[in-house]
Amino acid sequence: MSEIKKSFPVMLDMKRSASNREFELVEGDTGNEITVTLKDDGQAVDLTGCRVLAVFSKSNGTSSQDSEAGSLIVSGNTVTIPVYAASVAPGLVECELQVYSGENNDTLVTSAKFNFKCRRGILNADTLESTDEYPLLVGLIDDVNGLSEAVNAAEAARASAEAARVSAEAARTMAEAARSSAETARSLAEEERCAAEASRISAEEGRQASIAAMREETDAAIAELGEFSLEQLAAAYSHSQQAHDYADAWHTHSSFSHGQESRLEALLLAKQDADMVFTGVTIDPRNWVSDTTYESLGFTKSCVAACPGIVPSMTVYVEFRPAEQYGGNFAAFCEAVTDGVRLYARQAPESTVTISARAVV
């Protein structure tokens, strides 16, 4: 549906008042327009690029409308003023235009004034209840109140949804922090596992190198001496935990007879059986203490497993249960102490640890 408006043309000079046809506006109307054609001594005033204010003087105060705010429409020398209801009041209303021009709109000139009348409508706040349309207006007011309640309900629902969103975001943040912490712990555990595996590989390579060196020494001794005492050879290598490996090594020498090989292996294993062996040694979790000896390797706890008869000069070998041995918490090395074996760990275990130990005499 198209709008119905009342338009009032006004011829206005910058310097002197001009006589215009009288017109009248009604208080509260929103469809009034005043079209002002501005001239200067009969010459059109070009308002292009200018800022224009329409200033109204009314019975209850002063108000203005500004082209920069979009309440005035400027074209050539014409200013269209869609009159706001707040710009007029019952009685005589005077109006003038203020024109700002120049590079920064800092030059001001004010036009002559024109005036018009404003009257109250018959239907106003004082006559509302006496009209036949009052029930209709009451219904409209009720509708507006209903809309207000709907708006309030929608706002409450929005606030509730926002609170739920904030709560969900907090939960997501906490879950992400927990995931990140778990990932960090997993990475550290993986690094410890890799370090333990590298240590194991290094120890195995050392063992293999030691066996190879002993084989070379044996070859050299056989070549140099020609004949030797199997008892002396067994005694020389009996201090190794891996006597079986050395017994196998002798099988590669062509100078041994089958009887000599069997006898040497028996002597080696007999020597090994003479070593001190401890099985089922338990360690109370309360016995672990802080120790900085191998802190640079990540091992910060130590404990002495009781093995009576061991002295510091002995070489000791320790075996853990599979789950403990490959868990990465315990060091792959240990030390002989008086009547015991000192073990190292990254963290003190929470439960009893059981080991087996062999001390080479």
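The values are calculated or read from the model by the stated rules, or taken from the named source; none is laboratory data. Since the model is a prediction, treat every value here as computed from it, not as a measurement. Please note: Cβ atoms are built from the backbone with ideal geometry, for glycine as well, and neighbour counts cover all protein chains shown. We work out accessible area using only protein heavy atoms, side chains counted, and drop any ligands, DNA or RNA first. Shrake-Rupley method; radii C 1.70, N 1.55, O 1.52, S 1.80 Å.
When segment 1-44 is filtered for residues that are open to solvent by 70 Å² or more (accessible area, probe 1.4 Å), in a loop (DSSP other than H, G, I, E, B) and either out of contact with any helix residue (DSSP H, G or I) (no Cβ under 9 Å at 6 or more places or on another chain) or of a type in the set (Lys, Arg) (or both), the ones remaining, listed by number, are Met1, Ser2, Glu3, Ile4, Lys5, Lys15, Arg16, Ser17, Ser19, Arg21, Glu22, Asp41.
Determine if segment 58-75 includes at least one residue that is within 14 Å of Val45 (Cα to Cα) and open to solvent by less than 40 Å² (accessible area, probe 1.4 Å). Steps first, please.
Kept after step one, since they are within 14 Å of Val45 (Cα to Cα), are these residues of segment 58-75: 74-75.
Among the residues that remain, those that are also open to solvent by less than 40 Å² (accessible area, probe 1.4 Å) are: none.
Looking for residues that are within 14 Å of Val45 (Cα to Cα) and open to solvent by less than 40 Å² (accessible area, probe 1.4 Å), one finds none in segment 58-75, hence no.
Return only the number of the condition from (1) surrounded by 14 or more Cβ atoms within 10 Å (Cβ to Cβ); (2) over 19 Å from Asp275 (Cα atoms) that Val360 does not satisfy. Val360 satisfies all of (1) surrounded by 14 or more Cβ atoms within 10 Å (Cβ to Cβ); (2) over 19 Å from Asp275 (Cα atoms) except (2). Please go through segment 1-37 and give me each residue that is within 60 Å of the chain's Cα centre (by Cα) and of a type in the set (D, E, K, R), ordered by number. Glu3, Lys5, Glu27, Asp29, Glu33 - these are the residues of segment 1-37 that are within 60 Å of the chain's Cα centre (by Cα) and of a type in the set (D, E, K, R). Pairs linking a residue in segment 298-309 that is β-branched (Val, Ile, Thr) to a residue that is surrounded by 20 or more Cβ atoms within 10 Å (Cβ to Cβ), with Cβ atoms under 6 Å and 6 or more positions apart or on different chains, are Val304/Gly340. Restricting attention to segment 322-331, the residues being of a type outside the set (Asp, Glu), open to solvent by 30 Å² or more (accessible area, probe 1.4 Å) and in contact with a strand residue (DSSP E or B) (Cβ under 9 Å, 6 or more places away or on another chain) number 4. Just one of (1) open to solvent by 30 Å² or more (accessible area, probe 1.4 Å); (2) part of a loop (DSSP other than H, G, I, E, B); (3) in contact with a strand residue (DSSP E or B) (Cβ under 8 Å, 6 or more places away or on another chain) fails for Tyr100. It is (2).
Pairing residues of segment 108-125 that are without any contact (Cβ under 8 Å) to a residue 60 or more places away in the chain with residues that are surrounded by fewer than 13 Cβ atoms within 10 Å (Cβ to Cβ), at Cβ distances under 6 Å and at least 6 apart in sequence or on separate chains, gives Asn115/Leu92.
Residues in segment 85-93: is at least one assigned to a loop (DSSP other than H, G, I, E, B), of a type outside the set (Asp, Glu) and surrounded by fewer than 17 Cβ atoms within 10 Å (Cβ to Cβ)? Talk me through it step by step, then tell me what you get.
Here is the first cut: in segment 85-93, the ones assigned to a loop (DSSP other than H, G, I, E, B) are 88-90.
From the residues that got through so far, the ones that are of a type outside the set (Asp, Glu) too are 88-90.
Cutting the leftovers down to surrounded by fewer than 17 Cβ atoms within 10 Å (Cβ to Cβ) gives us none.
No, every residue in segment 85-93 fails to be assigned to a loop (DSSP other than H, G, I, E, B), of a type outside the set (Asp, Glu) and surrounded by fewer than 17 Cβ atoms within 10 Å (Cβ to Cβ).
Being aliphatic (A, V, I, L, M) and touching a Ser or Thr at 6+ places or on another chain (Cβ under 6 Å) is a condition met by no residue of segment 62-71.
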